[in-house]
Each structure stands twice: as C-alpha cells, then as structure tokens.
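The values are calculated or read from the model by the stated rules, or taken from the named source; none is laboratory data. If you're wondering where the values come from, they're calculated on a predicted model, not measured in any experiment. Please note: Cβ atoms are built from the backbone with ideal geometry, for glycine as well, and neighbour counts cover all protein chains shown.
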Amino acid sequence: MTLPRRQFLRYLGIGTYAALLNPLQLAAAAPRASASTGLSAWTPSFFEPINPTTADQLRLPAGYRADLLGAWGDELGFPDPTRNRELSFGNDNDFLAYFPLASQHDSLEAEQGLLWVNHESPHPLFVSGYSREDAQAEKPKTAEQIQAEKRSVGGSVLYLRREANGRWRREYHHRYTRRYTACGPRFGFDGPAADAVASLSGQPDCPGTLANCSGGATPWHGVLSCEENYHFYNPQTPRTLRWSDQPDEAIAETQFGWVVEVDPFGELPPVKHTSLGRFSHENIALRCDGPTGRLVAYMGDDKADECVYKFVSAQPLPASASRLEQRTALSQGTLYAADFQHGRWLALDWNVQKNREKWQAYNATARQTGGPLITSQADILIHTRIAARVLGATPLDRPEDCEIHPADGSVYIALTNNTRRANFYGQILRLIEDNDNPEGERFRFELFLLGGRHSGLACPDNLAFDRRGNLWVACDIASSRLGHDPYQAFGNNGLFMVPTTGPGAGQAYQFASGPTDCELTGPWFSGNDHTLFLSVQHPGGHSPSLERLSSHWPHGGRELPRSGVVAITGFERV
C-alpha cells in the first residue's frame, strides 16, 4: 500500500498545518490481508496467536505462563518514613526495566536481578476512596486522601529471583528494594534550566516524582523514568486529581514534566535532566553509535497534536569514566524537534540567531495575551512545546513510545490516535536518519503500520523489540471506549507481536489479552528473551463504585482489582 505524502501527512493529523509539496510515496510493510480474517496466512512459529476476548483475565497462548511479581498495595518489607506502616508497591505500574545481577550460569538472563517499575498515577476510587460521585460533586479531597495518592505514584525497585522450577518471585525485605514517590526521596536538577526551576518553585530540589509513564535505560545501568501528565494533579475539576484542594499538598508544576534518572543499585542520587525538555514525556530511547560517539535520545510528547524530539549530547559518552561522570552526558547538549514536512531536526537552541528572532516575534504576541515568554535557553526547556511550535515542528497524533530497531537503528514511533481528527486507530512510523547518522539534522520516514482491522491492532502505545527484531506493541484503547464503536472487534487491550521483516512484516499477531478495563504496558525482555516482563495497568479502572467492580484481577473472587507486574515465560523453546 502506498500513500502520497500530502495524503499521508493529513492522515497523521498534520495536513492542515502546512502546504505540502513534492509527493513522496511511503510504503507500508503490511502484506495483503485475508478478506475473511483481516490477517495474512503467515503465522509466527513460536506461538499460536490468540483471538480478541473480553474475559477478565490475562490470557496468553498455549505453553506460556505468567507469574505475578507484585500488585498494588503489596508490602515490600521496609518501614515507610512518611507513616507508621511498611512501604508498599505502587499503583498503575507502567515502564519496566530489568537489570540482571551476576550469574554463573547465564550472564544474559541471570537467576536474580532488579526490576524497576514505574507507577504512573493513582486511581482515587481504589487508592484514596475518592469516588466518581465525589468528583462530580466537586467534593474537596482531604489531606489524608492526597497523601495516600502521593504514596501510590513514582517507582519501585524489586529484587527478583528465578527458582529451580523456572518461576520468578519477588523477594520480600531485600536490601535492594526501595520506593520513590511524590513524597520522596528528593530529586535534584541538572542542565541549563536547573537554576530557573529552583527560582520558580522557591526550592533547590523536588520533593519526589509523579506521572511516571514509560522510560528507558542508560548505558551506565540507570533508569530513565518519564514524567507525563503532571498537569492532571493540581486543577480542581471532575476529571483531575485535585491535589490543590489542600494548598499545602499542591505541586509546583515546573518541578515536573521532566525525564528523571534513578539508580536501581542505589549508588547515585536521583536527578531530573532539564536538558531533555519539559512536556508530557512518554518514553526515551537511547543510541550511541554516531560518528563522534555522542549520546542520542528520542522522545515522544503524549498529547494530540504534539511533537517528537531528539537530544544529542554536547560531548561523546565517556565510556571509561565512572557512572557518575557518564551521567553528565544527559546534562548538556542540543534538544531538537522534528519537522516531518521537510525531514529535518530543528534545534531548540537560544544561541541560533534565526531561531531567536522567531521567539522574539512570539514574545510580542505573548506580552499581549499573557502567555509565557521565551528569553533564554532555560525558558525554551521549561516551555518546550511552545518553542517547538514557534520554530515549525510538526504536530502529530499522540506520539507515544519511540524505540530503536536493534539491527538497523531506525526509530519506530507509536502514534496512538487523534479522535479530534477522526484518527481512531493510530499508526506506527519508521524514522531513518540520513546516512545512518543519529547525530545529524536530516531524516526520512515511512509508514510501517496503520492501525485497524486490516492490520490487527488499534491504538499502539508502548513498544519493545526482541533480539530477532520483532516489534512488540501494547495497545491503549481508552477504558471507556473498549467494546464500543469503533473498537468492538478488538476486545480488551492486548499485546501484539509485529515482525519487521519477512512474510509477516507489518502484520499484528496477538500474544496477550489483558483483564477488563486495563492496558498492558512496559514490555521488557530479559537479555536472552527467555522472559517477558509486563505490566497490567488499571484493571477495573472504569468501575463506577466499590460495590460495582468491573474487574477482580489478579486475585479473583470479589477482590479489589489491583495493577500488577508479571513475568511471562515459555520463550525458552524458541
């Protein structure tokens, strides 16, 4: 299938922003679909694809097993310094990253390791008892309710061990176990906007982290956790979290919306990298194979009509330096926004005179409308969305996860959807840097997959690659839309395997289906692909009340639904 450039960019929701010339044919990799099933005749060799289902369970292909590693509220075995109870596993787990510890048997897998888990948001009904009826009545939250929600977000470090029978389990009360929440520990800032953030908030550091969506891992074995919807916490509306109901609990918003770095081994202090910009960060994917060895990071801004970004470090990554010295690669460099109309990266750099003239023209209007001014590099990083739009970066249909193909270095970008532009199913782009140079400023792109029944999935969100180059796609149809137009055919949200080469390239094959109302998030393969770690986020999230629960996963019966993390095995025979 081919689409002219003008038609394709309009499909992405950007055709109304610019006059697009010089049509370019962009080939989707999907094979011709079967008229009866919507899928090609080719099927994967290592699992039998499952059919969509609305069952309240985590369903997998025959021969695969999921071991529950932790669920919201599980005690971790250490006292919580903010209250007289134990630290507990957080809510709405998302991004996962596994760090194996030394093993005499298999250095890639290891029988023991550390699992980082993001906790994206609280679900008030389950976490603090604040119901949908309370929200509709605009009932103020109490300080105790807000504190409970603050303790449910952030991230966890779990110590895992694989036993002789092949099952994974979490070890209680292990010295590596720790929690990061919106209550602490405190995060410092680095990069060009650090002083400005401190000045705006009146605090030299930040009390914690929240809105932790997806993320990435660094070459020095650190976790990069992405703060996404920080703007949901303070406003006092039925659709937000209303932390400002209690003025002492409100957050200083400029302290959030950053990429934060945490050391799962506990050796380095946590920090927020201002050089990577402030927006609704979905994830971050790194590569360091350009001509000068500089670190390159790709990021998506998860909101309709927002942009894709790239960061290039100022200096090459110092491979032989300490972990603390390597970390400095993310503190100084150039942030770019993608212009898909012209296939170029736009440097968000105050020192570029032609850029400065555009921002000064924007400031003339902002002074009249009361918008934020851009007068320095710090302002660019704090108001990244505005700076990118002024320079002409391309708005896209909810750019979420960006991942780098292990074989060719191309960047796969999930555009989840944009219902305001009648894009209900989303798509996945493939971006190729000119001359395979990630440090450069030119690129081309193609459409890899269009969501819909013809390809097998809808609303692509989190991405991951296995070592064979297969793309794994976790989907995010909104809980309120599951089972309704136009998503009936897809059942509950699922996880799909999409080959990037060969006869099944571009076609989605369903590997997992999640419980009611959930999305499956954070797929992460162990070093030898024998284990897939996966999050089950907000099962039962559309429940109207505690008396009318839509899910009881993972414990069944009449139990409260709980977000959880599983280890999926059965890949060893592949």
All positions within region 274-285 that are closer than 15 Å to ALA314 by Cα and either hydrophobic (A, V, I, L, M, F, W, C) or surrounded by fewer than 23 Cβ atoms within 10 Å (Cβ to Cβ) (or both) = LEU276
Please determine, by comparing only the residues of region 495-544 that are within 23 Å of ALA217 (Cβ to Cβ) and of a type in the set (Gly, Ala, Ser), which one is surrounded by the fewest Cβ atoms within 10 Å (Cβ to Cβ).
-> GLY527
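Sort through ARG327, ARG344 and tell me the only one that's modelled with pLDDT of 95 or more and within 22 Å of the chain's Cα centre (by Cα).
Details: ARG344 fails: within 22 Å of the chain's Cα centre (by Cα).
So the residue among ARG327, ARG344 that is modelled with pLDDT of 95 or more and within 22 Å of the chain's Cα centre (by Cα) is ARG327.
Where in region 291-388 are the helices (runs of 4 or more DSSP H), entirely inside, with at least 3 residues that are buried (at least 19 other Cβ atoms within 10 Å of the Cβ) and of a type in the set (A, V, I, L, M)? Explain how you work it out, then say what you get.
Details: elements: 323-327, 353-369, 377-382.
Because the criterion is at least 3 residues that are buried (at least 19 other Cβ atoms within 10 Å of the Cβ) and of a type in the set (A, V, I, L, M), the helices (runs of 4 or more DSSP H) in region 291-388 that meet it are 377-382.
Can you find even one residue in region 552-561 that is assigned to a strand (DSSP E or B) and at pLDDT 95 or above? Give the derivation first.
We begin by selecting, within region 552-561, every residue assigned to a strand (DSSP E or B); these are none.
Within region 552-561, none of the residues are assigned to a strand (DSSP E or B) and at pLDDT 95 or above.
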So GLN236 fits all but one of (1) out of contact with any Lys or Arg (no Cβ under 6 Å at 6 or more places or on another chain); (2) surrounded by fewer than 21 Cβ atoms within 10 Å (Cβ to Cβ); (3) in contact (Cβ under 8 Å) with a residue 40 or more places away in the chain; (4) assigned to a loop (DSSP other than H, G, I, E, B); what number is the exception?
-> (1)
Show the residue pairs that are 6+ apart or on different chains and have beta-carbon atoms under 7 Å apart, the first residue being within region 256-273 and crowded, with 24+ Cβ neighbours inside 10 Å, the second being part of a loop (DSSP other than H, G, I, E, B) and of a type in the set (Val, Ile, Thr).
-> VAL260/THR209
Note on SER121: of the conditions (1) touching a residue at least 24 places away in the same chain (Cβ under 8 Å); (2) surrounded by fewer than 17 Cβ atoms within 10 Å (Cβ to Cβ); (3) not in a strand (DSSP E or B), unmet is (2)
May I ask you to list the residues in region 76-95 that are modelled with pLDDT of 95 or more and part of a strand (DSSP E or B)?
-> LEU76, SER88, ASN93, ASP94, PHE95
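Let's see how each residue does on (1) of a type in the set (A, V, I, L, M, F, W, C); (2) under 26 Å from the mean Cα position of the chain (by Cα); (3) modelled with pLDDT of 95 or more:
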position: PRO122; (1), (2), (3): no, yes, yes
position: LYS139; (1), (2), (3): no, no, yes
position: ALA143; (1), (2), (3): yes, no, yes
position: GLU163; (1), (2), (3): no, no, no
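Buried (at least 21 other Cβ atoms within 10 Å of the Cβ) and part of a strand (DSSP E or B): is that true of ILE432 in this structure? Don't jump to the end; show me each part of the working.
Details: buried (at least 21 other Cβ atoms within 10 Å of the Cβ): no; part of a strand (DSSP E or B): yes.
No; evaluated as a whole, the condition is false for this residue.
Specify the residue that is nearest to ILE146 (Cα to Cα); the eligible residues are those in region 172-203 that are of a type in the set (S, T, N, Q) and part of a loop (DSSP other than H, G, I, E, B). Break it down into steps so the answer makes sense when it comes.
Initially, region 172-203 is screened for residues of a type in the set (S, T, N, Q), giving 177, 181, 199, 201, 203.
Next, from what is left, pick out any that are part of a loop (DSSP other than H, G, I, E, B): 177, 203.
Details: THR177: 24, GLN203: 21 Å.
For region 172-203, the residue satisfying everything is GLN203.
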Residue selected from region 453-478 under the condition closer than 30 Å to SER543 by Cβ and surrounded by fewer than 20 Cβ atoms within 10 Å (Cβ to Cβ), by the criterion modelled with the lowest pLDDT = ARG453
